[in-house]
Structures are given as structure tokens and as C-alpha cells.
Amino acid sequence: MPTPTLRFRPLRPAVAGDAASSLDLLISVVPTPAPTTSTSRPPLNLALVIDRSGSMDGTPLSQARKAARFLARELSPADRLAIVVFDHEAELLVPSMPVHDPELFVHAINTIRARGMTDLQQGWRTGAMQVAEQLNPQALNRVLLLSDGHTNHGITEEEAIAQQVQGLSQHGVSTSAFGLGDGFDEDLMGAIASGGDGTLAFIDDPKQLPDLYANELSGLTNTAAQRISLGIRTRNGAELNDVLNDLPQTAFGNWQLPNLRFGKELHVAVKIELPAWTANADIASLRLAWEQPGESERHSQVEMLSLPVMPAAEIAEMEVDPVVAEQFALLQANRDRQRAIEAIDADDLEGAEQCLTAIDESLASMPCSAAINTERHAIQQRRAMLHQDRNLSRKNLRREALRSSVNVWEESEDSPN
């Protein structure tokens, strides 16, 4: 059976033998080719959890119902679905069951009305338990959480909620988090999607929800590997200094990667500090572990990293790998957005503007490419927006910062429809 592969690309293709040095290394997880013939997808075991608090009244809840109806009608009898709504308490509208009759779910969805406060944790937990009780190693098991507000009832602490989500993710139940409008807590939703090994989406317009759900179903169907972890163990005096992606760590000290989709590589950028190096000495061992959709067996592979040894002066004269340099610049720009967010939170808009200007100038020093141009345009938009709508600017900065560690839905992504 074809398996994902690890690929290494150093910024320069050698390490110094006569001096201590720093190694910038791009690690890529390459998916297997997409199936060329039509094959049945693994079954889905889903819980749709919808915020029905008072702020959802009107268009947001109307569009949420419409999108939920779309989702129910896209599933097959091999799939399971539960419908949960929450305000200051959670209500199980439809317990997890096979989707033999989508209209049964549609009827329940049509009864959803807005009211009350927002106990997001209780809503998520109710949906998660429905998925967990029907956990199927041969299925894709996920909670789809939609909210437009800040949790203000029950357990409200971001860290406590994120830990619960991550704990269940490590047992096979992932969570996608969809924030709607301009009032939701982007830090909490980001932490949920990151810890939950799911998709993160910030939706400006409720009318985007059907496209988002269609994209989520497409992503689940096109999952090449899930529950992926990357372990890096340095050797012979080498030390791992930084992982630019800011990935969540597992209980074993490995890095949790987003689900791998057909046609989309995952990139992890690391910095390793080296003493003067000896020829033929291994720098690190890297272990990739994952599960294939529809299987319960856990797979793994180990690769050893070694590079040629040369004098430091000769290495300094080498051309850098442009792909590695670009990926490092983009990941660093994602991370540096956090400094701008911290300045916004401190009511220091001038400081935030300076942070964004510095990111733009750093990107401007890179060779021109479509990716660099897109990133610079985004940064310039956030900077222009700071004094007009700091809340929206912050939300976009947070979403973009999380792209290094989470599958993030972008508005420009094509709907499979």
C-alpha cells in the first residue's frame, strides 16, 4: 500500500566541519497520489453542533439551518450524524444515527430557534460524546462546531476547553471550529481547531456556510492520512532550536500535524544548532506516524538525516534553496503576526502597525513570487484596517497566524460544487 513520504530540503546542502553552525531545514510530508479510479470513501461519523444563543437570531441562524440541511442531504446511509444545539445549555436534537432518511434530520434542524447565552464547552462536549460513543476506527470521526460568540456560561477558560478537545482528538475524535461574524472568540476557536486536528474557518457572511460545509466534506473525503505526528530526535550533539510552525505537541513530545490531504504537502520548518560536524555522522532521526482513513492500524516510518560536511566559508558562498527560503519567510510571517496581535491587545495600534510594516519589509526582501505577493497584500490590508476595524484586523491576523499548524479554510477556496 502506498504511504506518505518524508522529504528534507536544507537551506544550503551542507554543514560546517570547522565551526559551529545553524541548519535551516524544511521537512515536507508528501501524500500518496490520489486514487485514479472511483473508490468508496470511508464512512463519516459526525456531530453538527450549532450555537443558537440570542446573537444568532435572524440571518445567521437562518443560514446555519440552511447549511445544516445541505450537510444532512449530502450524507449517505453509511454515515452517521448527530445534531446538537446549545445556548446556556446543550440540547441533543437528534442522537447519532445512520442517515437513512435525511429529512428526519432536516425536520429537526427546522425547529432550531435562537435564545439564551453561550455555553460552548457543553455544546461541544455533547456532540463529542455522540461521536465518541459510536467511534468507528474505519470511519472519519469528527465534531463540526459553529459559533458566533464568546463562551460566557459554564466552562469558559480557553486552555481547559482546548485540553479537552485535544484529549479526545488523541482518542480518534477530531473537531473543526467555525467562527461566524465578528463577535466570536478567535483565540478559543483557533485553539479548538488546533488541538482538535480539524479545520478552522472564520466566516464573514452566513451565506458562505453551505460552501464551507461542502469544502469540509470534500476535505474529509480527500484525507490521505490522519492523526499525524512527527518526532525529531537530534544526535551527536545537534540540538533542535526551533520549530517555526508552532505545532501542538503530543503527550510523547512529538509534533501533531494537520490531516494530510491528497495533492497538498505539509511543510515543517526547523532550526537545528550544530557543533563543528564530523563526516558521515547522523544529525537527527525523524519519525512520521499516521493512520490511513478507514483503518485502525497505526503506521510509521523513520528516516535519518545526514548532510555533506564542508568548510564554513565555502557553505556561506553557496546559493540558498529558493523553495526553502520562501517557506521559512512565510512561516516566520505567520509567527510574527502574533506580535502584532499582542500589540493590538495592549491598545498599542502604533506598535501593531510597526510589526506589520516589519513583516512586509522582510517579505519584500524575498524574490518575487505569487505566494510572497499574496502574503504582502494580506499584510498591507491588515495594516490599513487597523485604525478602521481593529477587531476584524485581529481576527484575520489570528486566522493567518494559525495556517502554520492547522488546516485553515480560505474564502478563495473553490467549493466542490
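Along Cα→Cβ, 7 Å out, is where each label goes; now give me the distance between the ones at ASP246 and GLU158 in nm to one decimal.
For the pair ASP246/GLU158, the computed spacing is 1.0 nm.
Hey, of (i) 21.2; (ii) 22.7; (iii) 27.8, which did the structure itself give for Kirkwood radius over Cα pairs in Å when calculated?
After the calculation, the listed value that fits is (ii).
Please report the orientation-averaged projected area of the stretch 8-60, defined via the convex hull of its C-alpha atoms, in nm². Intermediate results must be reported in sequence, preceding the final value.
On the way: hull surface 42.0 nm².
Directional mean of the projected Cα hull area for the stretch 8-60 stands at 10.5 nm².
May I ask you to derive the relative contact order of the stretch 129-199, considering only C-alpha pairs under 8 Å and at least 6 residues apart, and to give it as an integer percent?
37 percent
I'd like the distance separating the alpha-carbon centroids of the stretch 119-178 and the stretch 281-311, in whole Å.
A separation of 30 Å, based on Cα centres.
Alpha carbons only, please: Rg and Dmax for the stretch 44-221, in angstrom.
Considering the stretch 44-221 through its Cα atoms, Rg and Dmax are 14.3, 39 Å.
Find the relative contact order for the stretch 65-130 and round it to a whole percent, using C-alpha pairs within less than 8 Å whose residues are 6+ positions apart.
With pairs under 8 Å counted, the relative contact order is 39 percent.
Between helix 186-195 and the chain, what is the angle of the helix's C-alpha long axis to the longest principal axis, kept within 0 to 90° and rounded to the nearest 10?
70 degrees
Report the antiparallel proportion of the DSSP beta bridges in the chain as a percent, rounded to a multiple of 5.
Numbers: 47 of 75 bridges.
For the chain, the DSSP antiparallel bridge percentage is about 65.
How many angstrom lie between the C-alpha centres of the stretch 223-259 and the stretch 312-383?
23 Å
Give me the one-decimal nm value for the distance between modelled label points at GLU74 and GLU361, 7 Å along each residue's Cα-to-Cβ direction.
The modelled label-to-label distance comes out at 4.5 nm.
On C-alpha positions alone, give me the angle between the axis of helix 349-364 and the longest principal axis of the chain, in degrees, nearest 10.
For helix 349-364, the angle is close to 60 degrees.
So how tilted is helix 120-133 from the main axis of the chain? Cα-based, degrees 0 to 90, rounded to 10.
Compared with the principal axis, the helix lies near 90 degrees.
Once the piece of chain linking ASP389 and ASP18 is laid out straight, how much longer is it, given 0.36 nm per residue of separation minus the C-alpha distance between them?
128.3 nm
No solvent, one uniform scatterer per C-alpha: report log10 I(q)/I(0) for the stretch 264-326 via the Debye equation at q = 0.19, 0.26, 0.29 1/Å, two decimals.
For the stretch 264-326, the Cα-only Debye profile gives -0.99, -1.31, -1.34.
Could you calculate the FRET efficiency of ALA276 with GLU297 from 1/(1 + (r/R0)^6), where r is the beta carbon distance between them and R0 is 51 Å, rounded to 0.05?
After rounding to 0.05, the efficiency reads 0.75.
For the chain, what is the relative contact order in percent, using Cα pairs closer than 8 Å and at least 6 residues apart in sequence? Before the final figure, lay out the partial values.
Numbers: 907 pairs, mean separation 80.8, N = 417.
Taking the mean separation of contacting Cα pairs over the length of the chain, I get 19 percent.
What are the GluC sites (Glu not before Pro) within the stretch 50-107 that DSSP puts in a loop, where the Cβ has at most 16 other Cβ atoms within 10 Å?
Values: sites: GLU74, GLU89, GLU91, GLU103; in loops: GLU89.
Qualifying residues, ordered by number: GLU89.
Once amide H atoms are built 1.01 Å from N in the peptide plane, which residues 5 or more positions from SER306, or in another chain, come under 5 Å H to H?
For SER306, whose amide H was placed from the backbone, the distant partners under 5 Å are ILE283.
Treating each Cα of the stretch 322-406 as an identical point scatterer and ignoring solvent, apply the Debye formula and state log10 I(q)/I(0) at q = 0.11, 0.15 Å⁻¹.
Result of the Debye calculation: -0.26, -0.48.
How many percent of DSSP beta bridges within the stretch 44-221 run antiparallel, rounded to 5?
Among the beta bridges of the stretch 44-221, antiparallel pairing accounts for roughly 20 percent.
So what is the calculated 222 nm ellipticity per residue for the chain, using -39500 (n - 2.57) for each DSSP H run with n of 4 or more, over all residues, to the nearest 500 deg cm²/dmol?
For the chain, the value works out to -11000 deg cm²/dmol.
In Å and from the alpha-carbon atoms only, list the Rg and Dmax of the stretch 1-118.
Computed over the Cα atoms of the stretch 1-118, radius of gyration and Dmax are 23.8, 73 Å.
Taking neighbour Cβ counts within 10 Å as the exposure measure, how do THR221, THR374 sort from fewest upward?
So the residues, fewest neighbours to most, are THR374, THR221.
Rule-based calculations on the coordinates, nothing more; no lab input. None of the values given here were measured: they were computed from a predicted structure. Methodologically, a virtual Cβ is constructed for each residue, glycine included, from the backbone with ideal geometry; neighbour enumeration extends over all protein chains shown.
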